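Remarks on the structure that follows.
The values are calculated or read from the model by the stated rules, or taken from the named source; none is laboratory data. Quick caveat, the model's predicted, so the values are computed rather than measured. Here the Cβ positions follow ideal geometry from the backbone for every residue, glycine too, while neighbour counts run over all protein chains shown. Ligands, DNA and RNA are stripped out before the accessible areas are found, and what is left, the full protein with its side chains, is counted by its heavy atoms. Shrake-Rupley method; radii C 1.70, N 1.55, O 1.52, S 1.80 Å.
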Amino acid sequence: MWLIVFQMMILVVAASISLHLYSPILLKIHWLSFTIVSLISLTIALIQSRFNFLQLAALATLSLTIYIEASFYYQRHVVLNSPLEVRQQLSQHIILGFKHYNEVKQLIDDGLLKGVFLTRRNIQGLSLSQVQSLTHDLRNLPLRWLATDQEGGLVQRLSPPLPRQQALHKVVTQAGEEWQTVVKQYAQQQGHHLAQLGVNLNFAPVVDLPPQATFWDQHSLISARVIADDATKITQVGQAYSTVLLETGVLPCLKHFPGLGDIHTDTHFFSAELTTPIADLQAKDWQPFQQISQQLPVAIMLGHIKLTELDQHYPASFSPTVIQFLRDEWQYQGLLITDDFSMFPISANRLGVGKVALQALNSGVDLILIAYDYRLFYPMMYQLIRAHQDGRLDLNQLQRSQDRQQRILGILDNRVDEKKGLNDSS
């Protein structure tokens, strides 16, 4: 009897793993998980002396595993063979991380992708010249955005080989009254190195207020990444940094709206709700986002946080109400970029990553970021293609987004030309 119970427990675990085969938590061990679950299920089915419930459960688990794997490859096939005009429309709204260059190159060549996220796994062990060669190849493709996450301090995805920089808050603290000069030098150095690689979008600066450090934030570590302790200083430093970064041809991205100052969990792994009244957020947390975005053509990253006073159902990253608030109340016409869709509030959302993406784009989001688990690209695109075919995708909203992106790219080019002209004349 104990053997039957033990085998049932193993099958329960195996079925659970099957259901999460395409969860970001299993990205690095996907094939190992698939192989082990398949072998265990098949073995338990075969060792039964007669047909019974245990054998039925084992066959069901094996079938589930094969079905989930086959579903992914079916969706991938549909995406890769979708109509060219549909691909070209959708491709302009996605920034994708990757593991294998050849795969991402094929997606770009096939008109499925216009934005790439470059991070440490792409450059591990490479020299600066090798990274330059990689990014040179990427920029020679029909690519619109080459993005990275180079804040300085704890988060600098391209260092090494790029020079490491202290966290911005340490630089500001050490500089004292000379902080403006030092911040400009900091941004100039960072922007120069990024621009040399062809990077034109950087997910920095962090303009959140510092949250209270808790045990449940062992990954984001936002309290160690913020610029300062008060909103006014964050606004001043963030604006100085963003001004110089723009001059190098790199678009800054303020993150993580609606702010993590009153959030005490890590949204990589947990859902989070921001219950702070709007009036309090406007007076403090939102000051850097609003003031900098009114002065400069910066992007804003939407976090996976429910802003409960505006929307109790959906995180800000795909909340129609929150996005409309930014577009209408703030009159913000810059780029809205989601935080990574690999994070738990999205990858495990009951709607599914495709429907979440559809709602985000229909609400006015410009760019969807899939940084960590690049496999999510296929189920997401599969659903978006179906929505396009069914008339559920707001094509007017997509066109407005494409116009915004083109305008921002033009501004970046003009800023670089103006800076070059000033340098030449001096």
Matching option when the condition is touching a strand residue (DSSP E or B) at 6+ places or on another chain (Cβ under 6 Å), modelled with pLDDT of 95 or more, of a type in the set (Val, Ile, Thr) and in a helix (DSSP H, G or I), among Val322, Val356
Val322
Of the residues that make up region 88-107, is at least one closer than 13 Å to Tyr382 by Cα and open to solvent by 60 Å² or more (accessible area, probe 1.4 Å)?
no
Which condition number in (1) of a type outside the set (Gly, Ala, Ser); (2) part of a helix (DSSP H, G or I); (3) open to solvent by 10 Å² or more (accessible area, probe 1.4 Å) is the one that Ile385 fails?
(3)
Is one or more of the residues making up region 202-223 β-branched (Val, Ile, Thr), touching a Phe, Trp or Tyr at 6+ places or on another chain (Cβ under 9 Å) and more than 30 Å from Leu143 (Cα to Cα)?
no
Tell me, which helices (runs of 4 or more DSSP H) wholly within region 182-296 include 3 or more residues that are at pLDDT 95 or above and either open to solvent by less than 60 Å² (accessible area, probe 1.4 Å) or among the acidic types (Asp, Glu) (or both)?
231-247, 287-295
Of all residues in region 319-331, which are open to solvent by 10 Å² or more (accessible area, probe 1.4 Å) and in contact (Cβ under 8 Å) with a residue 40 or more places away in the chain?
Pro320, Gln324, Trp330
Pairs returned, first residue in region 362-376 that is within 19 Å of Gln106 (Cβ to Cβ), second residue that is small (Gly, Ala, Ser), beta-carbon separation under 6 angstrom, 6 or more apart or interchain, are Asp373/Ser342; Tyr374/Gly97
Restrict the check to region 69-82 and report whether at least one residue is assigned to a loop (DSSP other than H, G, I, E, B) and touching a residue at least 12 places away in the same chain (Cβ under 8 Å).
yes
Report, by residue number, each residue of region 118-151 that is assigned to a strand (DSSP E or B) and either touching a Phe, Trp or Tyr at 6+ places or on another chain (Cβ under 6 Å) or open to solvent by less than 10 Å² (accessible area, probe 1.4 Å) (or both).
Trp145, Leu146, Ala147, Thr148, Gln150
Which of the residues belonging to region 342-353 are open to solvent by less than 20 Å² (accessible area, probe 1.4 Å), touching a helix residue (DSSP H, G or I) at 6+ places or on another chain (Cβ under 6 Å) and part of a loop (DSSP other than H, G, I, E, B)?
Ser342
List every residue pair whose Cβ atoms sit under 8 Å apart, with the two residues 6 or more apart in sequence or on different chains, where the first one lies in region 133-161 and is under 20 Å from Ile94 (Cα atoms) and the second, anywhere, is of a type in the set (Gly, Ala, Ser) and surrounded by fewer than 21 Cβ atoms within 10 Å (Cβ to Cβ).
Thr135/Gly198; Leu138/Gly198; Arg139/Gly198; Pro142/Gly111; Leu146/Gly198; Gln150/Ser159
If you take the residues in region 35-56 that are in a loop (DSSP other than H, G, I, E, B) and open to solvent by 80 Å² or more (accessible area, probe 1.4 Å), which one is nearest to Val13 (Cα to Cα)?
Ile47
Looking at Asp366, Asp394, can you tell me which residue is open to solvent by 20 Å² or more (accessible area, probe 1.4 Å) and at pLDDT 95 or above?
Asp394
Selection count where residues are within 12 Å of Asn202 (Cβ to Cβ) and within 17 Å of the chain's Cα centre (by Cα), scope region 122-166:
11
Looking at (1) within 24 Å of Met343 (Cβ to Cβ); (2) surrounded by fewer than 17 Cβ atoms within 10 Å (Cβ to Cβ), which is the only condition Asp110 fails?
(1)
Within region 297-318, work out how many residues are more than 21 Å from the chain's Cα centre (by Cα) and either surrounded by 20 or more Cβ atoms within 10 Å (Cβ to Cβ) or under 13 Å from Trp330 (Cβ atoms) (or both).
1
Within region 156-176, residues being open to solvent by less than 20 Å² (accessible area, probe 1.4 Å), in a loop (DSSP other than H, G, I, E, B) and under 15 Å from Leu197 (Cα atoms) number 3
